[in-house]
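Engineer: Dropping the structure in here first, questions after.
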Amino acid sequence: PSPPGEESRSLDSLESFSNLHSCCPSSSELNSDAEEAVVVAAAASVGGPAPQPEGDRPTVGSQLLSASKERFPGQSVYHIKWVRWKEENTPVITQNENGPCPLLAIMNVLLLAWKIKLPPMMEIITAEQLMEYLGDYILDAKPKEISEIQRVNYEQNMSDAMAILHKLQTGLDVNVKFTGVRVFEYTPECIVFDLLDIPLYHGWLVDPQVADIVKAVGNCSYNQLVEKIISCKQSDNSELVSEGFVAEQFLNNTATQLTYHGLCELTSAVQEGELCVFFRNNHFSTMTKYK
């Protein structure tokens, strides 16, 4: 549920509720409900907080970032944090101000699973380098002993994934369904997660015990539900108007894209130690389940 005092979103126009788009909001825009911490841990925060700067003295990190921007003009540059992960010194890519969260979330899953390795103690990396590592991994991960039909299907999926790979740098359009933590409307963007065998989860679910919301939302995807609400508002049928109001209230009351029922479902669906990507607040995070 939304925290007290959060402004409700208006559904007066389709413009404000177009496809869910990962806009990679700044940290101030991200909600940090305590309940979320029960299940999820963003990979970028593994290893403890960064040291606080003393007074106005520039930190080593800011000096390094400034130098790296001069070294790679016009490119997105990311800090690499080396952490102890399952007794191994492992890199994680940290987010910059407006970073491509789908790319970072996917890369951190592959790094924490040791499927992609970076040179020891590498400190910065560009978006272009990340894309090269990911592209090389997709090419190398092609199954060896498969049938001709499976090979053709895999190569088609690989071709489709490569075609949308550039979107990982800016954001992906995903369209959740409110019936399950792994239920999304199928889009070409989902192919990347399938191809890399990375589970994609969300926690924006309707509680099946609340009958009026279940009826109002049904099996709609997010986009379909927004269209339904607008249609119901314009209807002369009082029952449809009421249904549209219930659906609109559901979206407003769960604007942070996580519900209590969704959190419970995540707890049971995500496997112990599983590395996956979690979609919430139009943002992709690397997630694991620990105890």
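The values are calculated or read from the model by the stated rules, or taken from the named source; none is laboratory data. Not measured: the values here are computed from a predicted model. Counting neighbours? That spans all protein chains shown, and the Cβs are built from the backbone with ideal geometry, glycine included. Only protein heavy atoms, including side chains, enter the accessible area calculation; ligands, DNA and RNA are left aside. Shrake-Rupley method; radii C 1.70, N 1.55, O 1.52, S 1.80 Å.
Engineer: Would you point out which residue out of 242, 235 is open to solvent by 10 Å² or more (accessible area, probe 1.4 Å), of a type in the set (Gly, Ala, Ser) and assigned to a helix (DSSP H, G or I)? Break it down stepwise before answering.
Structural biologist: Details: 235 fails: assigned to a helix (DSSP H, G or I).
Answer to the check: 242.
Yes/no per residue for (1) at pLDDT 95 or above; (2) part of a helix (DSSP H, G or I); (3) of a type in the set (Asp, Glu); (4) more than 17 Å from residue 83 (Cβ to Cβ):
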{"site": "109", "(1), (2), (3), (4)": "yes, yes, no, no"}
{"site": "115", "(1), (2), (3), (4)": "yes, no, no, no"}
{"site": "128", "(1), (2), (3), (4)": "no, yes, yes, yes"}
{"site": "136", "(1), (2), (3), (4)": "no, yes, yes, yes"}
{"site": "139", "(1), (2), (3), (4)": "no, yes, no, yes"}
{"site": "142", "(1), (2), (3), (4)": "no, no, no, yes"}
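Engineer: Could we say that residue 282 is open to solvent by 20 Å² or more (accessible area, probe 1.4 Å) and on the phi > 0 side of the Ramachandran plot here?
Structural biologist: yes
For (1) more than 24 Å from residue 216 (Cβ to Cβ); (2) polar (S, T, N, Q); (3) open to solvent by less than 50 Å² (accessible area, probe 1.4 Å); (4) without any contact (Cβ under 8 Å) to a residue 12 or more places away in the chain, each residue gets a yes or a no:
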site	(1), (2), (3), (4)
148	yes, no, no, yes
158	yes, no, yes, no
163	yes, no, no, no
167	yes, no, no, no
170	yes, yes, no, no
178	no, no, yes, no
195	yes, no, yes, no
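Engineer: Hey, any hits in the stretch 153-170 for a residue that's of a type in the set (S, T, N, Q) and at pLDDT 95 or above? Reasoning before the result, please.
Structural biologist: Taking the stretch 153-170 as the starting set, the residues that turn out to be of a type in the set (S, T, N, Q) are 153, 156-157, 159, 169-170.
Then keep just the ones that are at pLDDT 95 or above; that gives none.
Scanning the stretch 153-170 turns up no residue that is of a type in the set (S, T, N, Q) and at pLDDT 95 or above.
Engineer: Mind counting the residues in the stretch 258-291 that are part of a loop (DSSP other than H, G, I, E, B), farther than 13 Å from residue 204 by Cα, out of contact with any Gly (no Cβ under 8 Å at 6 or more places or on another chain) and not aliphatic (A, V, I, L, M)?
Structural biologist: We begin by selecting, within the stretch 258-291, every residue part of a loop (DSSP other than H, G, I, E, B); these are 259, 270-274, 281-282, 289-291.
Still in the list and also farther than 13 Å from residue 204 by Cα: 270-274, 289-291.
Among the residues that remain, those that are also out of contact with any Gly (no Cβ under 8 Å at 6 or more places or on another chain) are: 270-274, 291.
Then drop every residue that is not not aliphatic (A, V, I, L, M), which leaves 271-274, 291.
Total meeting the criteria: 5.
Engineer: Is it the case, given these coordinates, that residue 193 is modelled with pLDDT of 95 or more and either aromatic (Phe, Trp, Tyr) or at positive phi (or both)? Write out each step before concluding.
Structural biologist: Working: modelled with pLDDT of 95 or more: no; either aromatic (Phe, Trp, Tyr) or at positive phi (or both): yes.
For residue 193, the condition - modelled with pLDDT of 95 or more and either aromatic (Phe, Trp, Tyr) or at positive phi (or both) - is not met.
Engineer: Which numbered condition in (1) of a type in the set (S, T, N, Q); (2) open to solvent by 50 Å² or more (accessible area, probe 1.4 Å); (3) free of Cβ contacts under 8 Å to residues at least 24 places away in the same chain; (4) not in a helix (DSSP H, G or I) is the only one that residue 187 fails?
Structural biologist: Residue 187 satisfies all of (1) of a type in the set (S, T, N, Q); (2) open to solvent by 50 Å² or more (accessible area, probe 1.4 Å); (3) free of Cβ contacts under 8 Å to residues at least 24 places away in the same chain; (4) not in a helix (DSSP H, G or I) except (2).
Engineer: Listed residues 290, 201; which is open to solvent by 40 Å² or more (accessible area, probe 1.4 Å), in contact (Cβ under 8 Å) with a residue 24 or more places away in the chain and either of a type in the set (Phe, Trp, Tyr) or in contact with a His (Cβ under 6 Å, 6 or more places away or on another chain) (or both)?
Structural biologist: After ruling out the rest, the residue left standing is 290.
Engineer: Out of the residues in the stretch 77-107 that are touching a residue at least 40 places away in the same chain (Cβ under 8 Å) and open to solvent by 50 Å² or more (accessible area, probe 1.4 Å), state the one that is nearest to residue 169 (Cα to Cα). Spell out how you get there, then give the answer.
Structural biologist: Of the residues in the stretch 77-107, the ones touching a residue at least 40 places away in the same chain (Cβ under 8 Å) are 77-80, 92-95, 97-106.
In the following step, the residues that additionally are open to solvent by 50 Å² or more (accessible area, probe 1.4 Å) were identified as 79, 95, 97-98.
On the way: 79: 16, 95: 12, 97: 13, 98: 10 Å.
Across the stretch 77-107, the extreme among qualifying residues is 98.
Engineer: Here's a check for you: in the stretch 260-279, which residue that is hydrophobic (A, V, I, L, M, F, W, C) and open to solvent by less than 10 Å² (accessible area, probe 1.4 Å) is farthest from residue 92 (Cα to Cα)? Lay out the reasoning, then the answer.
Structural biologist: Just the residues of the stretch 260-279 that are hydrophobic (A, V, I, L, M, F, W, C), to begin with: 263-264, 266, 269-270, 275-279.
Cutting the leftovers down to open to solvent by less than 10 Å² (accessible area, probe 1.4 Å) gives us 266, 270, 276-279.
Numbers: 266: 24, 270: 21, 276: 14, 277: 14, 278: 16, 279: 19 Å.
My answer is 266.
Engineer: Residue 131 fails exactly one of the following numbered conditions: (1) out of contact with any strand residue (DSSP E or B) (no Cβ under 7 Å at 6 or more places or on another chain); (2) without any contact (Cβ under 8 Å) to a residue 24 or more places away in the chain. What is the number of that condition?
Structural biologist: That leaves (2) as the condition not met.
Engineer: Here's something else I'd like to know. Applying the selection to the stretch 195-229, what residues are assigned to a loop (DSSP other than H, G, I, E, B) and of a type in the set (D, E, K, R)? If you could, list the steps in order and put the result at the bottom.
Structural biologist: Let us first name the residues in the stretch 195-229 that are assigned to a loop (DSSP other than H, G, I, E, B), namely 197-199, 204-210, 218-220.
Across the stretch 195-229, the qualifying residues are 197, 207.
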